[in-house]
Amino acid sequence: DAGVTQSPTHLIKTRGQQVTLRCSPKSGHDTVSWYQQALGQGPQFIFQYYEEEERQRGNFPDRFSGHQFPNYSSELNVNALLLGDSALYLCASSLAGLATNEKLFFGSGTQLSVL
Amino acid sequence: QKEVEQDPGPLSVPEGAIVSLNCTYSNSAFQYFMWYRQYSRKGPELLMYTYSSGNKEDGRFTAQVDKSSKYISLFIRDSQPSDSATYLCAMSLSPSGNTPLVFGKGTRLSVIA
């Protein structure tokens with residue numbers, strides 16, 4: 001049973017460019033959350049997708065957007081990249097309804113470097 | 001003041017030592033408390049979770065919550081070199097899997113053989 005898979009594992013972009021990160025949730029999971037982890041910091045919640053809609057959002061600008069597909073996979077898009085967007089981007093999946101946070105599974109992340 | 005404060009370390013201990021990791025928080029509405037372990041270049045993996053004040057034990061790990069002091073701890077007994085990682089505390093307003101987690105900065109632990 002594959003866990004949460006993210007692609008690519010590493011990415012290098014320049015300021016002003018746009019980037020798309022991808023996530024496939026754990027089998028059977030229908031909810032995807034995205035977190036940003038800057039170097040030396042804990043993960044910060046970006047947003048969450050369920051039933052192909054953004055359900056909750058953290059304190060991130062509109063440059064950060066996402067999408068969820070009918071197969072529950074998800075994309076994170078960041079426009080007009082800034083140096084400060086350099087971070088490890090983590091995807092976490094869960095099952096809505098009776099799930100508890102103990103059932104939240106993280107992927108290994110995409111390391112984004114903005115030059 | 002950040003919602004969750006955690007000393008980033010680094011913390012270095014000899015093999016077999018008892019390790020104590022701590023977090024404090026400011027939001028008394030937090031109800032659900034977790035400890036994650038994160039190896040370099042990997043995603044966090046859940047170690048312990050609890051939603052009430054008191055102790056919870058799982059093998060060499062004990063999680064302790066004191067809601068009156070807004071203070072949580074993770075104790076690791078008989079520490080091993082394989083325990084070397086970053087330990088993140090996390091909290092949420094409810095146990096629902098859809099409730100965002102608020103993390104501390106993480107404490108980097110090295111266990112020396």
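The values are calculated or read from the model by the stated rules, or taken from the named source; none is laboratory data. Quantities reported herein were computed from a predicted structural model and do not represent experimental measurements. A quick note on method: Cβ atoms are made from the backbone with ideal geometry, for glycine too, and the neighbour counts reach across all protein chains shown. To get the accessible areas, we keep the full protein, side chains included, count just its heavy atoms, and leave off ligands, DNA and RNA. Shrake-Rupley method; radii C 1.70, N 1.55, O 1.52, S 1.80 Å.
From the list A:Tyr72, A:Tyr35, pick out the single residue that is modelled with pLDDT of 95 or more, crowded, with 17+ Cβ neighbours inside 10 Å and at positive phi.
A:Tyr72
Can you name the residue in segment B:12-44 that is at pLDDT below 95 and assigned to a strand (DSSP E or B) and, of all such residues, is nearest to A:Val4 (Cα to Cα)?
B:Met34
Grab the strands (runs of 3 or more DSSP E) fully contained in segment A:34-81, keeping just those with 2 or more residues being within 21 Å of A:Ser108 (Cβ to Cβ).
Passing ranges, in order: A:44-50, A:64-68, A:74-78.
Just the residues that are open to solvent by less than 60 Å² (accessible area, probe 1.4 Å) and of a type in the set (Val, Ile, Thr), please, taken from segment B:1-30.
Within segment B:1-30, B:Val4, B:Val13, B:Val19, B:Thr24 qualify.
Could you tell me how many of the residues in segment A:1-21 are part of a strand (DSSP E or B) and either touching a residue at least 60 places away in the same chain (Cβ under 8 Å) or buried (at least 21 other Cβ atoms within 10 Å of the Cβ) (or both)?
Count: 9.
Determine the pairs where a residue that is closer than 16 Å to B:Thr50 by Cβ and more than 7 Å from chain A (Cβ to nearest Cβ), located within segment B:93-107, has a partner that is assigned to a loop (DSSP other than H, G, I, E, B) and open to solvent by less than 40 Å² (accessible area, probe 1.4 Å) with Cβ atoms under 6 Å apart, the partner being 6 or more residues away or on another chain.
B:Leu93/B:Thr99
Tell me yes or no: at least one residue of segment B:7-17 is more than 12 Å from chain A (Cβ to nearest Cβ), closer than 22 Å to A:Phe45 by Cα and among the acidic types (Asp, Glu).
yes
Pick from segment A:82-96 the residues that are within 14 Å of chain B (Cβ to nearest Cβ) and part of a loop (DSSP other than H, G, I, E, B): which of them is surrounded by the most Cβ atoms within 10 Å (Cβ to Cβ)?
Going through the qualifying residues, I end up with A:Leu95.
Assess whether B:Val111 counts as being more than 14 Å from chain A (Cβ to nearest Cβ), touching a Pro at 6+ places or on another chain (Cβ under 7 Å) and not in a helix (DSSP H, G or I).
yes
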